[in-house]
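Here the structure is laid out as structure tokens; the discussion comes afterwards.
The values are calculated or read from the model by the stated rules, or taken from the named source; none is laboratory data. Because the structure is a prediction, the values reported are computed rather than measured. Note that each Cβ is placed from the backbone with ideal geometry, even for glycine, and that neighbours are counted across all protein chains shown.
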């Protein structure tokens, strides 16, 4: 289950640090490659030598140690990680991460990694129930950090209550489940469209829109991380190809239609996040139009509605998701679109709102389902929204919770 997974275990200064030794041992027995990072306080409870022997790897205790090769160690570990586990996770480490503090090896690594981070909480009961800590946990939840709740019982401080580190075997099981859920789309094909299309006027000029492709690229990236075979059909975009994704570049709406219909038949999930031009010039001039007249009149003709065509072709086992970018009557237009185009769900956003719309890193969306149910979402990054969209699809249509 954990074979060849690179797991960074961050050990902090709590009495439960000794239980981290068992967790590292269990992770390694399950095939994981484990690297341990210890805070200065953690070394008062367990020695680095213990973790070195159990993990089979050097233990990282400082950002200032000499290294045998030229390498920025916290960055190399951050990039190596498939998952970062903080155990025990004290109120101190949670507070530091919530506030963006990076003053030692472990906090710097957490700030630098793009891997999932799980905090296995352990502390005094009063500290755990403190509103400051609970607020910090809530904020970190919104950023995508995960938590393993402590258990109840007799604590080292002499009182009974909630705060005991969860059983090591349960923590390892939680990590296994994380990797299982992260492969929820294995053996599924996901077709994603992204960015805008450009419709040529002449060899130099075109009609286009402001879409950067960030939303579609984020969805494609997250779907690949979930184990899917992903095909991304993209209009012009400066964004790099997401790892593990097949990228098909197109320019105009007709090319997008051709490629989407080619890839559509064997797709399990289709997410149309592209901003396809509604119209194209009726004729494309062979040479650059010269600036001779006061006015230039373009005759436009309607492009095919790719999403509506897919809705008509949709098989019973296929899931079709659309996007609605509006500046007024958002719910009305989105509900009409979901019915008229036979969608399973639609992601609607008012692009006139600050923090939403094209060519920025955040979005403010509503998810609307075929049965009329609406979920209002707070402002979040497009990566976070991509994760949430895929989670909704998995939980609703593949019975994974």
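Quick notes
- Single residue of 208, 153, 161, 227 found to be free of Cβ contacts under 8 Å to residues at least 12 places away in the same chain and over 18 Å from residue 117 (Cβ atoms): 153
- Residues of the range 362-384 that are assigned to a strand (DSSP E or B), under 16 Å from residue 324 (Cβ atoms) and either touching a residue at least 24 places away in the same chain (Cβ under 8 Å) or not assigned by TED's automatic domain parsing to the domain that holds residue 335 (or both): 363, 366, 367, 368, 369, 374.
- Cβ separations smaller than 7 Å between residues 6+ apart or across chains give the following pairs from the range 20-42 residues that are assigned by TED's automatic domain parsing to the domain that holds residue 84 to residues that are part of a loop (DSSP other than H, G, I, E, B) and crowded, with 24+ Cβ neighbours inside 10 Å: 39/12; 41/12; 42/12.
- The sole residue among 148, 118 that is touching a strand residue (DSSP E or B) at 6+ places or on another chain (Cβ under 7 Å), surrounded by 14 or more Cβ atoms within 10 Å (Cβ to Cβ) and touching a residue at least 60 places away in the same chain (Cβ under 8 Å) is 118.
- Listed conditions (1) surrounded by fewer than 18 Cβ atoms within 10 Å (Cβ to Cβ); (2) touching a strand residue (DSSP E or B) at 6+ places or on another chain (Cβ under 8 Å); (3) outside the structural domain of residue 348 (by TED's automatic domain parsing) are all met by residue 177, apart from (2).
- Subset tally (residues that are buried (at least 21 other Cβ atoms within 10 Å of the Cβ), in contact with a helix residue (DSSP H, G or I) (Cβ under 8 Å, 6 or more places away or on another chain) and part of a loop (DSSP other than H, G, I, E, B)) for the range 244-276: 4
- Being surrounded by 14 or more Cβ atoms within 10 Å (Cβ to Cβ), under 22 Å from residue 196 (Cβ atoms), over 20 Å from the mean Cα position of the chain (by Cα) and modelled with pLDDT under 90 is a condition met by at least one residue of the range 339-352.
- Taken over the range 322-335, the criterion of being surrounded by 13 or more Cβ atoms within 10 Å (Cβ to Cβ) and either at pLDDT below 85 or out of contact with any helix residue (DSSP H, G or I) (no Cβ under 7 Å at 6 or more places or on another chain) (or both) is satisfied by 323, 325, 326, 330, 331, 333, 334, 335.
- The condition (being touching a strand residue (DSSP E or B) at 6+ places or on another chain (Cβ under 8 Å) and more than 23 Å from residue 197 (Cβ to Cβ)) is satisfied by just one residue among 369, 279: 369.
- Among the residues of the range 301-316, those identified as outside any strand (DSSP E or B) and in contact with a strand residue (DSSP E or B) (Cβ under 8 Å, 6 or more places away or on another chain) are 303, 306, 307, 310, 311, 314.
- Identity of the residue in the range 185-198, part of a strand (DSSP E or B) and surrounded by 21 or more Cβ atoms within 10 Å (Cβ to Cβ), that ends up modelled with the lowest pLDDT: 196
- Verdict on residue 302 being farther than 21 Å from residue 380 by Cα, modelled with pLDDT of 90 or more, in the same structural domain as residue 198 (by TED's automatic domain parsing) and crowded, with 16+ Cβ neighbours inside 10 Å: no
To keep it simple, each residue is scored yes or no on (1) within 26 Å of residue 60 (Cα to Cα); (2) outside any helix (DSSP H, G or I); (3) within 25 Å of the chain's Cα centre (by Cα).
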{"residue": "102", "(1), (2), (3)": "yes, yes, yes"}
{"residue": "109", "(1), (2), (3)": "yes, no, yes"}
{"residue": "119", "(1), (2), (3)": "yes, yes, yes"}
{"residue": "127", "(1), (2), (3)": "no, no, no"}
{"residue": "136", "(1), (2), (3)": "no, no, yes"}
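- Selection within the range 10-31 - surrounded by fewer than 24 Cβ atoms within 10 Å (Cβ to Cβ) and either outside any helix (DSSP H, G or I) or within 25 Å of the chain's Cα centre (by Cα) (or both): 13, 15, 30, 31
- Condition check for residue 319: over 24 Å from residue 191 (Cβ atoms) and either assigned by TED's automatic domain parsing to the domain that holds residue 272 or out of contact with any strand residue (DSSP E or B) (no Cβ under 6 Å at 6 or more places or on another chain) (or both): no
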